[in-house]
Amino acid sequence: MPPSAPSPVLAEVVRSGFVEGLHRGALVVLAADGGVELALGDVTAPVFPRSSNKPMQAAAVLRAGVDLSGERLALAAASHSGEGFHLDLVRTMLAEHGLTADDLRTPPDLPLDRVEAEAYLAAGQVRDRVAMDCSGKHAAMLAACVHNGWDRAGYADPDHPLQRLVRSVVEESAGEPVAAVGTDGCGAPLMAISLTGLARAFRRFVLAEPGSPERRVADAMRAHPEYVAGTRRPDTWLMREVPGALAKVGAEAVQAVALADGRALALKIDDGASRALGPVTARTLALMGVDSPVLARIGHMPLLGGGAEVGAVRAVF
């Protein structure tokens with residue numbers, strides 16, 4: 001087969017007026033009617049959305065019969081920063097279902113947020129399963145096992161009843177079959193879909209019937225965005241400051257956002273550089289007509305030299 005064309009450059013790294021690096025990737029924008037309005041790069045090839053799949057995983061927990069709502073449901077779809085209110089609620093959710101941190105299959109870790117990690121270590125605490133940013137999702141998955149009498153120890157196995165349900169929700173939401181199954185950083189199964197499928201899934205969540213599992217997840221995330229991410233995170237800022245927006249980042253530089261009217265975007269930076277996500281996301285939302293001060297906030301990614309700002313990562317489309 002001939003080599004595929006390289007992805008387009010979405011962002012450049014400019015230091016002291018000199019372009020020292022480029023970030024390539026792909027992005028798709030869906031119009032309010034679901035049609036593709038903008039596509040840069042290959043938006044039909046499968047990618048691992050990483051934690052951008054979490055809303056679909058949370059919806060599967062609801063379909064499994066677990067009655068989560070509010071902050072608990074937002075935390076089930078979270079990549080939390082490891083702030084005190086996150087860790088306290090994870091422990092509460094576990095206790096409510098007769099579980100402990102030992103039941104989690106998340107790897108022991110420090111809080112995701114650097115400020116929180118420094119405070120955590122200064123307090124004499126060590127890496128812990130609850131501190132890992134996916135612990136809310138895993139607590140919710142374990143709750144589904146308790147509710148249905150499913151095996152707890154194997155809840156992260158792709159053939160577990162819960163994970164088969166997750167797969168069906170992912171495929172239904174994305175409107176396409178899962179192309180590959182891998183293992184995410186937290187140990188849970190990870191299901192590959194296209195960027196177009198990811199944008200389609202987020203669109204479905206914001207437009208779903210009130211009271212449906214998908215809409216309940218979207219509403220909980222938008223009502224409690226600090227539980228989805230943290231007080232210093234772009235997903236929180238977007239959902240707080242753009243009315244009706246649903247946003248979820250994924251590792252390896254994936255971002256999905258849906259607006260209240262059903263317009264949606266999904267993007268991935270090829271090299272996994274998260275520093276390009278903010279500028280590219282902000283530029284895409286601006287092209288979609290979003291007018292909010294938050295775009296300048298998430299789109300500013302400075303480069304430092306000697307402690308002073310000497311450049312930035314900036315979108316170039």
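The values are calculated or read from the model by the stated rules, or taken from the named source; none is laboratory data. Remember, predicted model here, so these are calculated numbers, not experimental data. Here the Cβ is made from the backbone with ideal geometry for all residues, glycine too, and neighbour counts use every protein chain on show. Areas reflect the complete protein model, heavy atoms only, side chains present, ligands, DNA and RNA absent. Shrake-Rupley method; radii C 1.70, N 1.55, O 1.52, S 1.80 Å.
So is ALA144 assigned to a helix (DSSP H, G or I) and either farther than 22 Å from LEU27 by Cα or free of Cβ contacts under 8 Å to residues at least 40 places away in the same chain (or both) or not? Here the answer is yes, as ALA144 does meet what is asked. Figure legend. Inter-residue proximity from segment 1-13: first residues closer than 16 Å to VAL43 by Cβ, second residues open to solvent by 100 Å² or more (accessible area, probe 1.4 Å) and at pLDDT below 95, beta-carbon distance below 9 Å, spacing 6+ or different chains. No pairs are indicated.
The single residue among ARG297, ARG283 that is open to solvent by 60 Å² or more (accessible area, probe 1.4 Å), of a type in the set (D, E, K, R), in contact with a strand residue (DSSP E or B) (Cβ under 6 Å, 6 or more places away or on another chain) and part of a helix (DSSP H, G or I) turns out to be ARG283.
The residues listed here are PRO111, PRO107; of these, the one that is open to solvent by 40 Å² or more (accessible area, probe 1.4 Å), within 25 Å of VAL249 (Cβ to Cβ) and within 21 Å of the chain's Cα centre (by Cα) is PRO107.
Taking every residue in segment 65-90 that is under 19 Å from LEU121 (Cβ atoms) and pairing it with any residue that is open to solvent by 10 Å² or more (accessible area, probe 1.4 Å) and basic (Lys, Arg), at least 6 positions away or on another chain, the pairs with Cβ-Cβ distances below 8 Å are SER81/ARG232; SER81/ARG233. Every condition in (1) surrounded by fewer than 17 Cβ atoms within 10 Å (Cβ to Cβ); (2) in contact with a His (Cβ under 9 Å, 6 or more places away or on another chain); (3) within 12 Å of LEU267 (Cα to Cα) is met by ASP67 except one, and the failing one is (3). Tell me, which helices (runs of 4 or more DSSP H) lie completely within segment 183-251 with 3 or more residues that are open to solvent by less than 10 Å² (accessible area, probe 1.4 Å) and within 24 Å of PRO158 (Cα to Cα)? It comes to 195-207. If the condition is being over 30 Å from ALA308 (Cβ atoms), open to solvent by less than 50 Å² (accessible area, probe 1.4 Å) and in contact with a strand residue (DSSP E or B) (Cβ under 7 Å, 6 or more places away or on another chain), then segment 1-38 contributes SER7, PRO8, ALA26, LEU27, VAL28, VAL29, LEU30, ALA31.
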